[in-house]
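**Q** Dropping a structure here in structure tokens format, bear with me for questions.
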């Protein structure tokens, strides 16, 4: 037996890498390797550039995992955290495994983030509802029908990084990334960095109401 093959077979036997992992009981097992960065409760870890995943829409999570696996996301040279996620997502060997992880994460209690002190929540409210709310929901809860993710539980550093990635074409520039291209066009609608900070603070303030 080739070196390392025994480990691969052991993990497969445990359901950690195996295909056919669509049942709900397998989701927590599959997620176990992700918890080192994203947290045991998928609450995220900004210090590791790992966003919260708990309570996010399953369809969105499934699509992003597939995008990482295919290279549609995380392949740009300026997206180091995305490249790390590409390697992590490759551990999920088939669509059933991806679906199981996404379903598990969607069922976890939603995360919340405290709004930054000193932000102008009125300005954030006005800008959010004028620019973002039609897709991401009035309370930043997301809209699965529009393939728009929940924003309320995402940390500020992650939101800023993804906003910059969309604006600079690091994410969402590929023709086949339909939803990413939509966000790429929207990433230029906030006039200043202060406006983005205010929007993020407003988004975080909505989390407690969900």
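**Q** For residue 134 and residue 95, what is the calculated FRET efficiency with R₀ set at 41 Å and r taken between the beta-carbons, to the nearest 0.05?
**A** Calculated value: 0.85.
**Q** Can I ask one more? Compute the angle between helix 80-89 and the longest alpha-carbon principal axis of the chain, please, reported from 0 to 90 degrees and rounded to the nearest 10.
**A** 40
**Q** Note the full-extension length gain between residue 40 and residue 144 as 0.36 nm times their separation in residues minus their Cα-Cα distance, in nm to one decimal.
**A** 35.0 nm is the gain from fully extending residue 40 to residue 144.
**Q** Please work out the FRET efficiency for the pair residue 75 and residue 192, using the Cβ-Cβ distance as r and a Förster radius of 22 Å; give the result to the nearest 0.05.
**A** For residue 75 and residue 192, the calculated efficiency is 0.15.
**Q** Another question, then. What percent does the relative contact order of the chain come to when contacts are Cα pairs within less than 8 Å and at least six residues apart?
**A** Result for the chain is 22 percent.
**Q** Shifting gears a bit: Using only Cα atoms, what Kirkwood radius does segment 121-207 have, in angstroms?
**A** Computed over Cα pairs of segment 121-207, the Kirkwood hydrodynamic radius comes out at 12.9 Å.
**Q** Using only Cα atoms, find the angle between the long axis of helix 193-207 and the longest principal axis of the chain, and express it within 0 to 90 degrees, rounded to the nearest 10.
**A** 70
**Q** Please compute P(r) over all alpha-carbon pairs of the chain, binned at 10 Å starting from zero, and give each bin as a whole-number percent.
**A** Histogram of Cα-Cα distances, whole percents per bin: 9, 33, 36, 16, 5, 1, 0.
**Q** Nearest 10 degrees, 0 to 90: what angle lies between the long axis of helix 156-168 and the longest principal axis of the chain (Cα atoms)?
**A** Result, in degrees: 90.
**Q** If I model segment 28-132 as equal point scatterers sitting on the Cα atoms and use the Debye formula, what is log10 I(q)/I(0) at q = 0.10, 0.12, 0.22 Å⁻¹?
**A** Computed log10 I(q)/I(0) values: -0.34, -0.48, -1.17.
**Q** Taking square-rooted eigenvalues a ≥ b ≥ c of the alpha carbon gyration tensor, is segment 24-84 rounded, prolate or oblate, where a/c under 1.5 means rounded and, failing that, a/b exceeding b/c means prolate?
**A** oblate
**Q** Then there is this: Just subtract the alpha-carbon distance of residue 181 and residue 114 from 0.36 nm times their residue separation and send over the number in nm, one decimal.
**A** The span from residue 181 to residue 114 would gain 21.1 nm if fully extended.
Only the coordinates and a few stated rules stand behind these numbers; no lab work does. All values reported here derive from a predicted model rather than from experimental measurement. Every residue, glycine as well, gets a Cβ built from its backbone with ideal geometry; the counts of neighbours run over all protein chains shown.
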